[in-house]
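Inspection log for the structure reproduced underneath, given as structure tokens.
The values are calculated or read from the model by the stated rules, or taken from the named source; none is laboratory data. What you are looking at is a predicted structure, and each value in this text was computed from that prediction instead of being measured. Neighbour counts are summed over all protein chains in view; Cβ atoms, including those assigned to glycine, are modelled from backbone coordinates with ideal geometry. Quick note on the areas: whole protein, heavy atoms, side chains included, nothing else; ligands and nucleic acids left out. Shrake-Rupley method; radii C 1.70, N 1.55, O 1.52, S 1.80 Å.
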Amino acid sequence: MSGNTSQLKVGDKTVDMAIKEGSVGPAVIDIAKLYAQTGMFTYDPGFTSTASCESQITYIDGDAGVLLYRGYPIEQLAEHGDFLETCYLLLYGELPTAAQKADFDYRITRHTMVHEQMARFFQGFRRDAHPMAVMVGSIGAMSAFYHDSTDISDPQQRMIASMRMIAKVPTLAAMAYKYTVGQPFVYPLNSLDYTSNFLRMCFAVPAEEYKVNPVLSRALDRIFILHADHEQNASTSTVRLAGSSGANPFACIAAGTACLWGPAHGGANEAALKMLEEIGTVDNIPKFIAKAKDKNDPFRLMGFGHRVYKNYDPRAKIMQKTTHEVLNELGIKDDPLLDVAIELERIALSDEYFIEKKLYPNIDFYSGITLKAMGFPTSMFTVLFAVARTVGWIAQWKEMIEDPSQKIGRPRQLYTGSPKRDYTPIGRR
Ligand code: CMC
């Protein structure tokens with residue numbers, strides 16, 4: 001490395017590559033011309049050393065356990081702000097003034113209803129469909145229902161599509177839940193704030209009056225803030241890659257939702273709770289720890305480890321506090337799952353295997369217990385993650401579309417298949 005360039009020696013060629021500095025965090029080596037200069041690609045499966053884009057939205061320092069949205073620490077946003085303020089911040093880059101916030105809240109609230117025909121669209125799903133399957137389908141279907149905001153070259157349409165998704169994804173999520181439990185859909189109520197409205201759409205029934213519990217609403221709002229964005233994770237990269245071809249924003253967010261569903265990503269909260277239930281009692285923990293450490297056993301402790309955090313996930317700390325607030329509010333004193341979780345965390349944090357591999361509890365470790373206490377079935381956990389992450393996906397998609405240097409994402413490969421060979425007729429094989 002010399003000055004702000006680095007050199008790579010390939011055979012007898014030496015190639016100069018520019019080093020680009022970020023505002024904080026590691027610099028990057030610009031390899032865009034590497035193939036033209038050397039005839040070689042770089043190889044980095046899983047992108048462990050590759051920055052796929054330039055972004056001004058979210059910063060993570062995984063070693064220090066730091067997460068910033070537009071420069072603001074997640075702890076401060078979760079403590080003092082609300083989810084729609086975080087949405088505004090992620091989308092526009094600055095915290096809103098009181099007037100901007102009131103206007104934004106008003107506009108999002110007025111977009112919460114979905115086209116009435118969507119209710120019919122839902123009837124096509126099996127009642128026992130996983131709500132994430134319903135989310136992937138219904139978010140994708142938004143491009144058919146809101147075709148007037150799919151022209152990505154029009155900034156006004158981009159803005160309306162963004163508003164529509166932030167406002168309507170919770171409505172679709174609540175409908176997905178209601179559909180699986182066989183209850184009527186509950187229309188949004190504009191007098192309620194975003195998260196209270198969502199709770200009401202999930203848990204109210206026409207036969208009874210529903211009173212929102214402010215402690216639960218605040219807790220869920222905080223969970224939404226914690227999940228709102230996480231820089232270039234798998235689902236966000238999926239949204240960017242899908243969007244790089246010029247696909248419409250609803251289709252891109254549907255692609256991100258599909259990616260989020262996987263157990264190594266957004267599906268981990270569901271998997272973590274199932275694991276705690278499977279462990280059942282504190283006595284069984286050593287058996288499961290041994291399984292997690294066994295190289296020949298594919299079992300992993302769900303809710304532990306992270307690709308980027310090699311320290312305590314800062315979101316997990318806030319989540320742990322929120323869990324206790326919710327359990328206290330609901331009068332749940334002796335939850336066996338919580339006992340298992342606390343003991344598992346204690347053992348894992350003092351076990352050499354987990355210390356050496358820097359496997360700390362991640363956000364999903366506690367969010368499952370909290371959401372279960374609130375009354376959500378495990379199948380809804382990833383759906384709630386999708387509700388919160390929608391704004392992050394949109395902010396990242398918008399940043400990419402508005403970047404004049406944006407081009408279609410097209411990774412290359414190291415081909416290890418058969419070299420060219422001739423076709424053999426079927427009778428001679
Ligand atoms: N339990 C036991 N061992 C683990 C675990 C775990 N949860 N996670 C990683 N390891 C081991 C792994 O076996 C490997 O060991 P070795 O070096 O001996 O082969 C080492 O730690 C490194 O693992 P890796 O798979 O190379 O690490 P990664 O960065 O590719 O994986 C991860 C990150 C999150 C996919 C992984 O830690 C995992 O599968 N965790 C459980 C699932 C989970 O909780 N996911 C939620 C992530 S946070 C929510 C989100 O942002 O989406």
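Test residue 376 against the stated conditions and say whether it is crowded, with 17+ Cβ neighbours inside 10 Å and not in a helix (DSSP H, G or I). It would help to see each step written out before you state the result.
Working: crowded, with 17+ Cβ neighbours inside 10 Å: yes; not in a helix (DSSP H, G or I): yes.
Here the answer is yes, as residue 376 does meet what is asked.
For residue 48, all conditions in the list (1) modelled with pLDDT of 95 or more; (2) more than 22 Å from residue 401 (Cα to Cα); (3) among the hydroxyl-bearing types (Ser, Thr, Tyr); (4) open to solvent by 80 Å² or more (accessible area, probe 1.4 Å) hold save one; what is the number of the exception?
In the conditions (1) modelled with pLDDT of 95 or more; (2) more than 22 Å from residue 401 (Cα to Cα); (3) among the hydroxyl-bearing types (Ser, Thr, Tyr); (4) open to solvent by 80 Å² or more (accessible area, probe 1.4 Å), residue 48 misses (1) alone.
Among (1) charged (D, E, K, R); (2) within 13 Å of the ligand (Cβ to nearest atom); (3) part of a helix (DSSP H, G or I), which single condition is residue 325 missing?
Only one criterion is unmet by residue 325, namely (2).
Counting residues that are acidic (Asp, Glu) and within 20 Å of residue 223 (Cα to Cα), which helices (runs of 4 or more DSSP H) fully inside the stretch 1-96 reach at least 1?
Details: elements: 34-38, 74-80, 83-92.
Fully inside the stretch 1-96 and qualifying: 74-80, 83-92.
Of the conditions (1) touching a helix residue (DSSP H, G or I) at 6+ places or on another chain (Cβ under 6 Å); (2) not in a helix (DSSP H, G or I), residue 246 satisfies every one except a single condition; which number is it?
Unmet for residue 246, out of (1) touching a helix residue (DSSP H, G or I) at 6+ places or on another chain (Cβ under 6 Å); (2) not in a helix (DSSP H, G or I): (1).
Looking for whichever is surrounded by fewer than 18 Cβ atoms within 10 Å (Cβ to Cβ), within 16 Å of residue 344 (Cα to Cα) and hydrophobic (A, V, I, L, M, F, W, C) here; the options are 299, 288. Which one fits? Walk me through how you get there before you give the answer.
Values: 288 fails: surrounded by fewer than 18 Cβ atoms within 10 Å (Cβ to Cβ).
Answer to the check: 299.
Hey, can you tell me all the residues within the stretch 302-331 that are open to solvent by 60 Å² or more (accessible area, probe 1.4 Å) and within 15 Å of residue 359 (Cβ to Cβ)?
Scanning the stretch 302-331 gives 307, 310.
Kindly indicate the residue of the stretch 218-239 that is hydroxyl-bearing (Ser, Thr, Tyr) and open to solvent by less than 10 Å² (accessible area, probe 1.4 Å) and also nearest to residue 365 (Cα to Cα) among those meeting that condition.
Keep residues of the stretch 218-239 that are hydroxyl-bearing (Ser, Thr, Tyr), which gives 235-238.
Going one step further and asking which of them are open to solvent by less than 10 Å² (accessible area, probe 1.4 Å), we end up with 235-236.
Details: 235: 19, 236: 21 Å.
Among them, the one singled out is 235.
Just one of the numbered conditions (1) surrounded by fewer than 23 Cβ atoms within 10 Å (Cβ to Cβ); (2) over 23 Å from the mean Cα position of the chain (by Cα); (3) more than 23 Å from residue 203 (Cα to Cα) is not true of residue 340; which one?
Here residue 340 meets the rest and fails (1).
When you scan the stretch 361-372, how many residues do you find that are more than 10 Å from the ligand (Cβ to nearest atom) and farther than 12 Å from residue 276 by Cβ? Before you say what the answer is, go through the steps one by one.
From the stretch 361-372, those more than 10 Å from the ligand (Cβ to nearest atom) are 366, 368-372; that's our starting set.
Subset that is farther than 12 Å from residue 276 by Cβ: 370-371.
Within the stretch 361-372, residues that are more than 10 Å from the ligand (Cβ to nearest atom) and farther than 12 Å from residue 276 by Cβ number 2.
Scan the stretch 240-254 and report the pairs whose first residue is surrounded by 21 or more Cβ atoms within 10 Å (Cβ to Cβ) and whose second residue is not in a helix (DSSP H, G or I), with Cβ atoms within less than 6 Å and a gap of 6+ or a chain change.
248/150
It is to be established whether one or more residues within the stretch 206-213 are assigned to a helix (DSSP H, G or I) and out of contact with any Asp or Glu (no Cβ under 8 Å at 6 or more places or on another chain). It would help to see each step written out before you state the result.
From the stretch 206-213, those assigned to a helix (DSSP H, G or I) are none; that's our starting set.
No: the stretch 206-213 contains no residue that is assigned to a helix (DSSP H, G or I) and out of contact with any Asp or Glu (no Cβ under 8 Å at 6 or more places or on another chain).
Taking residue 21 as the residue in question, decide whether it is open to solvent by 80 Å² or more (accessible area, probe 1.4 Å) and touching a residue at least 24 places away in the same chain (Cβ under 8 Å).
Values: open to solvent by 80 Å² or more (accessible area, probe 1.4 Å): yes; touching a residue at least 24 places away in the same chain (Cβ under 8 Å): no.
No, not satisfied.
Do we find a residue being farther than 22 Å from residue 249 by Cβ, open to solvent by less than 40 Å² (accessible area, probe 1.4 Å), in contact (Cβ under 8 Å) with a residue 60 or more places away in the chain and assigned to a loop (DSSP other than H, G, I, E, B) anywhere in the stretch 360-372?
yes
Where residues in the stretch 251-282 are modelled with pLDDT of 90 or more and either in a loop (DSSP other than H, G, I, E, B) or aromatic (Phe, Trp, Tyr) (or both), which of them is farthest from the ligand (Cβ to nearest atom)?
Ranking the qualifying residues of the stretch 251-282, first place goes to 281.
Quick grid of which residues meet (1) without any contact (Cβ under 8 Å) to a residue 12 or more places away in the chain; (2) in a helix (DSSP H, G or I); (3) within 17 Å of residue 247 (Cα to Cα); (4) open to solvent by less than 10 Å² (accessible area, probe 1.4 Å):
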| position | (1), (2), (3), (4) |
| --- | --- |
| 384 | no, yes, no, yes |
| 392 | no, yes, no, yes |
| 399 | no, yes, yes, no |
| 408 | no, no, yes, no |
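Consider residue 6 carefully, then state whether it is open to solvent by 70 Å² or more (accessible area, probe 1.4 Å) and among the hydroxyl-bearing types (Ser, Thr, Tyr). Working first, answer last.
Values: open to solvent by 70 Å² or more (accessible area, probe 1.4 Å): no; among the hydroxyl-bearing types (Ser, Thr, Tyr): yes.
Spelling it out, it is not the case that residue 6 is open to solvent by 70 Å² or more (accessible area, probe 1.4 Å) and among the hydroxyl-bearing types (Ser, Thr, Tyr).
Could you check, for the stretch 304-313, whether at least one of its residues is over 16 Å from residue 366 (Cα atoms), touching a Ser or Thr at 6+ places or on another chain (Cβ under 6 Å) and not aromatic (Phe, Trp, Tyr)?
No, there is no match, as no residue in the stretch 304-313 is over 16 Å from residue 366 (Cα atoms), touching a Ser or Thr at 6+ places or on another chain (Cβ under 6 Å) and not aromatic (Phe, Trp, Tyr).
Which condition number in (1) within 12 Å of the ligand (Cβ to nearest atom); (2) at pLDDT 95 or above is the one that residue 248 fails?
So the condition that residue 248 fails would be (1).
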